[in-house]
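Reading through the structure tokens given below for one structure.
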Amino acid sequence: METFIGIDYATWWFLVVGGLFSGYAILDGFDFGAGAWHLFFKKEKSRRIALNAIGPVWDGNEVWLVIGGGALFAGFPVLYASLFSAMYIPFMLFLVFIIFRAVSIEFRSKEKMNWWRKMWDYAYSISSILLAFLLGVVLGNVLQGIAIGENFEYVGVGLVEFLNPYAIMVGVTTLALFMTHGAIYLLLKTEGRLYAKLTILLKRGMIFFIVSFAVTTLYTLLYIPHLSDKFTKNPAMFVIPLLAFLSIANVPRLASKRKYQWAFFFSSLTMSLLLIVVAIELYPNILLSTVDPAWNITVYNAAASEKSLGIMLTIAAIGTPLVLLYTAFVYRTFRGKVQLDETSY
């Protein structure tokens, strides 16, 4: 088995895919969160400002999803096939909602009729809410396990099994985290009355997240013990969830002082740390089988050939800095408060 600085190629690719999806959660997370708040803004100008806050960056943020999906397919084709077979309906719903959301952003400003704009406002906000929720539901199912049988084929009952209580709790928690993240981002981009309203909405979002996160964490510890096995066997690893809790606690502390740039940093860090906790809990498994542990999909039985992984890691080492530079350039170019003009949405 070939390694690079002591880590095998399959594990490296596991880290690459995890990093890409973490980047997607952070970047499109505030997009979805901003959209989830959209109907709370009653004035036309407020809604336009909120849309223009994400206008220059939302489509670039979705690139991370495309790259992450491609990396998953290239590095772990067995996982890709099993996961998409098991969650075919949810992923198709996700695709429909992400199309509706994009269309809503682009079509809303094309006509001035009140009914036209309200229709797309509802489509945009509802799509954003459901996208955030569905991402959490998928994560909840991955954490809990899926009915994977012989030859890594899905043998479950479909959508009914997918919408189980734990997955719904993770979905609600994800939505709450994205709404908090999105409110902080909008506070960085707005001023005046909308800014004042968002300070109130952020407090509600933080309460929503803290309550849902506490309930989901308690349920996980009580009823899904395999997700804490790694930490109980190796107490030193508790430093990661501890850092996650401290990061969560830092968000309301910084928000109360109106240090929203740092609050945004720590809400992003919270997402990264929580996904690191997930990776630690699962590794070397990627997808657990609820039928028989023998059919667990791991980084080794799902990986492409070592030669393929080695070539792709070289490409990733070149491409990742370029994507990061492009992302940094876009955000630097469009930094500052939103100002409406004739080119605005």
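The values are calculated or read from the model by the stated rules, or taken from the named source; none is laboratory data. Treat the numbers as computed from the prediction; the structure is a model and nothing was measured. Using ideal geometry, Cβ is built from the backbone for each residue, glycine included, and neighbour counts are taken over all protein chains shown. Ligands, DNA and RNA are stripped out before the accessible areas are found, and what is left, the full protein with its side chains, is counted by its heavy atoms. Shrake-Rupley method; radii C 1.70, N 1.55, O 1.52, S 1.80 Å.
Show the residue pairs meeting these rules: Cβ distance below 6 Å; 6+ apart or different chains; first residue within segment 61-72 and more than 16 Å from Ile318 (Cα to Cα); second residue open to solvent by 50 Å² or more (accessible area, probe 1.4 Å).
Hits for this filter: Leu72/Tyr80.
Quick check on segment 275-289: of everything there that is open to solvent by 20 Å² or more (accessible area, probe 1.4 Å) and of a type outside the set (Val, Ile, Thr), which residue is nearest to Glu153 (Cα to Cα)?
Top of the filtered list is Leu288.
Give the residue that is nearest to the chain's Cα centre (by Cα), with candidates limited to residues of segment 43-74 that are within 17 Å of Arg101 (Cα to Cα) and not in a helix (DSSP H, G or I).
Filtering first and then ranking leaves Val57.
What are the residues in segment 17-42 that are over 13 Å from the mean Cα position of the chain (by Cα), open to solvent by 30 Å² or more (accessible area, probe 1.4 Å) and touching a residue at least 40 places away in the same chain (Cβ under 8 Å), if any?
The answer is Leu39, Phe40.
For segment 88-95, check the following and say yes or no: at least one residue is under 30 Å from Lys307 (Cβ atoms) and either open to solvent by 20 Å² or more (accessible area, probe 1.4 Å) or in contact (Cβ under 8 Å) with a residue 60 or more places away in the chain (or both). It would help to see each step written out before you state the result.
Within segment 88-95, the first condition is being under 30 Å from Lys307 (Cβ atoms), and the residues that meet it are 91.
Cutting the leftovers down to either open to solvent by 20 Å² or more (accessible area, probe 1.4 Å) or in contact (Cβ under 8 Å) with a residue 60 or more places away in the chain (or both) gives us 91.
Scanning segment 88-95, I find at least one residue that is under 30 Å from Lys307 (Cβ atoms) and either open to solvent by 20 Å² or more (accessible area, probe 1.4 Å) or in contact (Cβ under 8 Å) with a residue 60 or more places away in the chain (or both), so the answer is yes.
Do you know which residues across segment 251-274 are open to solvent by 50 Å² or more (accessible area, probe 1.4 Å) and in contact with a helix residue (DSSP H, G or I) (Cβ under 6 Å, 6 or more places away or on another chain)?
So the first thing to find is which residues in segment 251-274 are open to solvent by 50 Å² or more (accessible area, probe 1.4 Å), and the list is 253, 256-259, 261-262, 265, 269.
Hits for segment 251-274 are Trp262, Leu269.
Has segment 290-299 got at least one residue that is open to solvent by less than 80 Å² (accessible area, probe 1.4 Å), under 23 Å from the mean Cα position of the chain (by Cα) and of a type in the set (S, T, N, Q)? Working first, answer last.
Of all residues in segment 290-299, those open to solvent by less than 80 Å² (accessible area, probe 1.4 Å) come to 292, 294-299.
From what's left, under 23 Å from the mean Cα position of the chain (by Cα): 297-299.
Keeping just the survivors that are of a type in the set (S, T, N, Q) gives 298.
Checked against the condition, which is being open to solvent by less than 80 Å² (accessible area, probe 1.4 Å), under 23 Å from the mean Cα position of the chain (by Cα) and of a type in the set (S, T, N, Q), segment 290-299 yields at least one hit.
Keeping to segment 59-74, report how many residues are touching an Asp or Glu at 6+ places or on another chain (Cβ under 7 Å) and either open to solvent by less than 20 Å² (accessible area, probe 1.4 Å) or under 10 Å from Ala302 (Cα atoms) (or both).
Count: 1.
Of the conditions (1) under 26 Å from Ala255 (Cβ atoms); (2) modelled with pLDDT under 95; (3) open to solvent by 10 Å² or more (accessible area, probe 1.4 Å), Met179 fails just one. Which one is it?
Checking Met179 against (1) under 26 Å from Ala255 (Cβ atoms); (2) modelled with pLDDT under 95; (3) open to solvent by 10 Å² or more (accessible area, probe 1.4 Å), the one that fails is (2).
Looking only at segment 262-321, count how many residues are of a type in the set (Ser, Thr, Tyr), free of Cβ contacts under 8 Å to residues at least 40 places away in the same chain and closer than 26 Å to Met237 by Cα.
Going through segment 262-321 one residue at a time, the tally reaches 1.
Somewhere in segment 185-193, is a residue among the hydroxyl-bearing types (Ser, Thr, Tyr), farther than 28 Å from Tyr283 by Cβ and crowded, with 18+ Cβ neighbours inside 10 Å? Talk me through it step by step, then tell me what you get.
First pass over segment 185-193, keeping only residues among the hydroxyl-bearing types (Ser, Thr, Tyr): 185, 190.
After this cut, where a residue has to be farther than 28 Å from Tyr283 by Cβ as well, the list is 185, 190.
Imposing the further condition that a residue be crowded, with 18+ Cβ neighbours inside 10 Å reduces the set to 185, 190.
Yes.
Find the residue count for segment 75-87, including only residues that are in a helix (DSSP H, G or I) and either within 21 Å of Gly19 (Cβ to Cβ) or open to solvent by 20 Å² or more (accessible area, probe 1.4 Å) (or both). Before the answer, list the steps.
In the first step, residues of segment 75-87 are kept if they are in a helix (DSSP H, G or I); the result is 75, 77-86.
Applying the additional criterion that residues be either within 21 Å of Gly19 (Cβ to Cβ) or open to solvent by 20 Å² or more (accessible area, probe 1.4 Å) (or both) yields 75, 77-81, 83-85.
Residues that pass the stated criteria total 9.
List every residue pair whose Cβ atoms lie under 8 Å apart, where the two residues are 6 or more positions apart in sequence or sit on different chains, the first residue falls within segment 232-254 and is within 15 Å of Ala214 (Cα to Cα), and the second residue, located anywhere, is modelled with pLDDT under 90.
Cβ pairs passing all conditions: Pro241/Phe231.
Among the residues of segment 28-66, write down those that are in contact with a Ser or Thr (Cβ under 9 Å, 6 or more places away or on another chain) and closer than 26 Å to Phe162 by Cα.
Selection gives Gly29, Phe30, Asp31, Phe32, Gly33, Gly35, Ala36, Trp64.
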